[in-house]
Amino acid sequence: MARIGVLTCWCGENIARNVDVQSVAEQAAQLPGVRCSRVHKYMCSDPGQKLIRDTIAAERLDGVVIASCSPHMHLKTFRKAAEHASLNPYLVEMANIREHCSWVHPERSRATAKAVDLIRVAVAKVRHNRALEPIQVPVTRKVLVVGGGVAGIQAALDIADAGVPVVLVEREPSIGGKMAGLSETFPTLDCSQCILTPRMVEVAQHPNITLYTCSDVEQVEGYVGNFQVTIRKRARYIDIDKCTGCGQCWSVCPSKKTPSEFDYGLGARTAIYAPFPQAVPARPVIDRDACLRLTKGRCGVCVKKCQADAIRFEDQDELVREDIGAIIVATGYQLYEIGKPDDRGRIAGYGEYGYGRYPDVISSLQFERLVSASGPTGGEIRRPSDGTVPKTVVFLSCVGSRDNAKGLSYCSKICCMVNAKHTMLYKHKVHDGQAHVFYMDIRAGGKNYDEFVRRAIEQDGAHYHRGRVSKITQEDGRLIVRGVDTLAGEPLTIAADLVVLAAAMRPATGVEELAQKVNVSYDEFGFLCESHPKLRPVETNAAGVFVCGACQGPKDIPESVTQASAAAGKVLMMFSRDRLYREPEIAHVQESACAGCFSCRRGCPYHAIDPAEIRDRQGQLVRRVARVNPGLCMGCGTCVALCLSKSIDLEGFSEQQVYAMVESLR
Amino acid sequence: MTNAASPTPVGEFEPKIVAYVCNWCTYLGADLAGTNRLEYPANVRIIRLPCTGRIDFNLIVKAFEIGADAVLVSGCHPGDCHYTSGNYHARRRWILFRELLATLGIETERVHFAWISAAEGKKFQQVISEITSQTRDLGPYHAYREICEV
């Protein structure tokens, strides 16, 4: 390439003050391969860009170096200008003589000399630039939403309403997530199920949504716009098309003692069961570990009772494949396991609160079930131990949250509001009862949130004690809560009938395995990492994979829903064009030189390198080489440095280009 | 530490410093130094690469071959890599390569490694100023030039 134009910018006084632009232009004209050298006061202005276009046309340039500001500022601008003059935009490079030169080197002679050097480097590079075309990737207009809680439901409905097919995968037998188990929501105290269950029904009836319950994402292959997802539909033992959901089967099931997952162990369920009355799909499932027929080969009374002939004991897991264009992860949260090691064996704090030992020490989600009209007590607040109405209830904040020593360092964000709500719900049901709250700080940021906490304290008479609880013991059927009130400056002991622990929010189990399948990174706690905390809050570093809800960090319902709609919007934006366009500055393998050692593959952060087989005409395997998937490669170039045979190279930063740049400084 | 490119007397040794920096952190850190008008010696020549993971350490040898007196490799802080893990590769490679350079007889005090984020314009200024003054003290890298001539 030998018809290069160098266009040097004054940037008003910004460059010209410390750099002798005229001298720079004259010296640039002498560089090897340079056809012409021009200057302009403001290269990025309309007349400046016209100068670029006119020079390209008049001098029939095959390479351009703009010496001006940072490429992060205007490389796109200048490449577009070149494109208008019918020059491939990837034949334009920049020399940063403002941020890296005139602004930091006040000594004019040295700044001028450095500016010439920077142009020399850029000219050396552009001589080896190649014309590149954006990579076009076809898009499958179908979305996978993983997780059917309120976030997943919102995202799925938004996308489906826009006319795009959605595959919603839920691990549990019903969608609804944690929100379906809540009694009422803060700060309005409206009924959680009244808000959620109509949305769940909408999902079930939506023509654009395919719902897989009792299902997991088994495998994700492919890349943005073109994922192939394998879904494992676990055996449900019910033909959900035949079943009418009449409930005859579970009313006769003799195995009645399994703790109900939906009631967090406060109630029991049968072996064949619907998780809760408003479940979607409104069909039962058989618990293979509790069913007498499946474990011991006898019983089968449900089969006799079922008039729809819907029970299938021979049911097997089934694998389904779906072609998917974009993935939204909305796997939500679980509560911190109080006093038990977590699934990675790390945290086992707060055993001193007796959770799991004393039946009347319960978690905040269990309390939700106690207050819920659909709960095990029909909405009457009764102690799990003896069924009496508790007259003194103690609520503890920050169980696991904000505790580096035995819990998690972060704030779970919702517990202050949950506690305030619980004291109110309690007071509204047990008028002569007294609620106490131990707290570290009250964090009630949000519309009408602080007012809500004030109402709990001022109108509903909850006693708030600033301090921690050190121990809970059981004496004569009561729970003795020993703590401290740091504002009063004295120890505080309360004899309680019921203790509710606001346990920390943690990402749901299995999210790390899922994250590895979709190649999204997660933090030390297992929360999924967004691409940018402020500007790209629902995107991830894996192209085509989005996150929303509590899998990304602790958040309440309104925030989860907001994020879900944001993720849906991002997906629809991606689908608004028939093809995706990606930067062509990616890696390429020279297959004739590749030795097939796959060092590159092990180092690739995007799993963008796959083995490819080279066969002769008879179809015999000759050898295996590395091949870059252009849909996945992000162009970091790590593979180039790892390649032992130097057979992989990066467009835009090729070995030839980089060595030429260094060589030019000789 | 000298804070600015103070005018140097004619004839004094001016080290040539080649800096291999990543596009997303250190290059932007250098941009920020510019935006904030943080002066530093004009001895450094930046070669922009997408990621420190792209830096084959032969490039360091190459820099000495063309007459550099010091080399800087700088990228995103651990955990902040734009490409999630390229900087870890660079760090691992660096640890091994430095030993190798020492074995070959190359003065390892002329090879520098730094993490400079896009927000650390001040740090970029400091690092360049320190390397420049340190290299000025070390003097021209005659030893390497002699090897090349043999």
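The values are calculated or read from the model by the stated rules, or taken from the named source; none is laboratory data. Just so we're clear, the structure is a prediction, and the values are computed from it rather than from any experiment. Note that each Cβ is placed from the backbone with ideal geometry, even for glycine, and that neighbours are counted across all protein chains shown.
Some values worked out for this structure:
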read-out	value
Residue in segment A:484-492 that is touching a residue at least 24 places away in the same chain (Cβ under 8 Å), assigned by TED's automatic domain parsing to the domain that holds residue A:341 and of a type outside the set (A, V, I, L, M) present	no
Some residue of segment A:94-114 being surrounded by fewer than 24 Cβ atoms within 10 Å (Cβ to Cβ) and more than 14 Å from chain B (Cβ to nearest Cβ)	no
Every pair of residues 6+ apart whose Cβ atoms lie under 6 Å, when the first sits in segment A:48-71 and is within 24 Å of residue B:37 (Cβ to Cβ) while the second is modelled with pLDDT of 95 or more and assigned to a strand (DSSP E or B)	A:48/A:40; A:66/A:7; A:66/A:94; A:67/A:8; A:67/A:95; A:68/A:9; A:70/A:96; A:71/A:94
Check on residue B:145, in a helix (DSSP H, G or I), surrounded by fewer than 16 Cβ atoms within 10 Å (Cβ to Cβ) and within 12 Å of chain A (Cβ to nearest Cβ)	yes
Tally of residues being in the same structural domain as residue A:625 (by TED's automatic domain parsing), surrounded by fewer than 17 Cβ atoms within 10 Å (Cβ to Cβ) and not aliphatic (A, V, I, L, M) across segment A:643-666	2
Pairs where the first residue, in segment A:436-455, is without any contact (Cβ under 8 Å) to a residue 60 or more places away in the chain and the second is hydroxyl-bearing (Ser, Thr, Tyr), C-beta under 6 Å, 6+ apart	A:437/A:464; A:439/A:397
Candidate set: segment B:23-49, residues that are among the charged types (D, E, K, R) and within 22 Å of residue A:666 (Cα to Cα); chosen: the one nearest to the other protein chains (Cβ to nearest Cβ)	B:45
Selected residue [touching a strand residue (DSSP E or B) at 6+ places or on another chain (Cβ under 7 Å) and small (Gly, Ala, Ser)] from A:397, A:409	A:397
Exclusive hit being surrounded by 18 or more Cβ atoms within 10 Å (Cβ to Cβ), within 30 Å of residue A:416 (Cα to Cα) and of a type outside the set (D, E, K, R), set A:198, A:187	A:187
Whichever residue in segment A:483-498 is touching an Asp or Glu at 6+ places or on another chain (Cβ under 9 Å) and in a strand (DSSP E or B) and, among such residues, is surrounded by the most Cβ atoms within 10 Å (Cβ to Cβ)	A:498
Subset tally (residues that are out of contact with any Phe, Trp or Tyr (no Cβ under 7 Å at 6 or more places or on another chain), more than 7 Å from every other protein chain (Cβ to nearest Cβ) and either farther than 20 Å from residue A:111 by Cα or surrounded by fewer than 22 Cβ atoms within 10 Å (Cβ to Cβ) (or both)) for segment B:55-69	4
Complete set of residues in segment B:94-121 that are buried (at least 19 other Cβ atoms within 10 Å of the Cβ) and basic (Lys, Arg)	B:110
Evaluation of residue A:244 against (1) hydroxyl-bearing (Ser, Thr, Tyr); (2) closer than 30 Å to residue A:363 by Cα; (3) part of a loop (DSSP other than H, G, I, E, B) (one fails), failing number	(2)
For residue A:116: the one exception among (1) in a helix (DSSP H, G or I); (2) at pLDDT 95 or above; (3) farther than 30 Å from residue B:12 by Cα	(3)
Options A:530, A:524; residue that is charged (D, E, K, R), closer than 27 Å to residue A:218 by Cβ and either surrounded by fewer than 15 Cβ atoms within 10 Å (Cβ to Cβ) or assigned by TED's automatic domain parsing to the domain that holds residue A:368 (or both)	A:524
Options A:515, A:550, A:568; residue that is buried (at least 21 other Cβ atoms within 10 Å of the Cβ), assigned to a helix (DSSP H, G or I) and out of contact with any Leu (no Cβ under 9 Å at 6 or more places or on another chain)	A:550
Residue ranges of helices (runs of 4 or more DSSP H) in segment A:349-459 with at least 3 members outside the structural domain of residue A:259 (by TED's automatic domain parsing) and either at pLDDT below 95 or under 20 Å from residue A:479 (Cβ atoms) (or both)	A:364-371, A:415-429
Considering residues of segment A:101-143 that are among the charged types (D, E, K, R) and farther than 15 Å from residue A:34 by Cβ only, the residue nearest to the chain's Cα centre (by Cα)	A:142
Residue count, segment A:440-461 (criterion: farther than 17 Å from residue A:186 by Cα and touching a Cys at 6+ places or on another chain (Cβ under 7 Å))	1
Among (1) closer than 16 Å to residue B:55 by Cβ; (2) among the β-branched types (Val, Ile, Thr); (3) in contact (Cβ under 8 Å) with a residue 12 or more places away in the chain; (4) touching a Leu at 6+ places or on another chain (Cβ under 9 Å), the one test that residue A:662 misses	(3)
Flag for residue A:127 being of a type in the set (Lys, Arg) and away from chain B (no Cβ under 14 Å)	yes
Among the residues listed as A:599, A:645, A:592, the single one being within 12 Å of another protein chain (Cβ to nearest Cβ) and polar (S, T, N, Q)	A:599
Residue A:341 being within 23 Å of residue A:233 (Cα to Cα), outside the structural domain of residue A:194 (by TED's automatic domain parsing) and outside any strand (DSSP E or B)	no
Inter-residue pairs, beta-carbon under 6 Å, first at positive phi and in segment A:631-642, second of a type in the set (Phe, Trp, Tyr), 6+ apart	A:637/A:653
Residue among A:609, A:586 that is crowded, with 17+ Cβ neighbours inside 10 Å and within 11 Å of another protein chain (Cβ to nearest Cβ)	A:586
The one condition in (1) in contact (Cβ under 8 Å) with a residue 24 or more places away in the chain; (2) away from every other protein chain (no Cβ under 12 Å); (3) of a type in the set (Ser, Thr, Tyr) that residue B:52 fails to fulfil	(2)
Residue within segment A:568-591 that is without any contact (Cβ under 8 Å) to a residue 40 or more places away in the chain, within 30 Å of residue A:184 (Cα to Cα) and within 14 Å of the chain's Cα centre (by Cα) present	no
Given (1) within 14 Å of another protein chain (Cβ to nearest Cβ); (2) free of Cβ contacts under 8 Å to residues at least 40 places away in the same chain; (3) assigned to a helix (DSSP H, G or I); (4) not charged (D, E, K, R), index of the condition residue A:77 fails	(1)
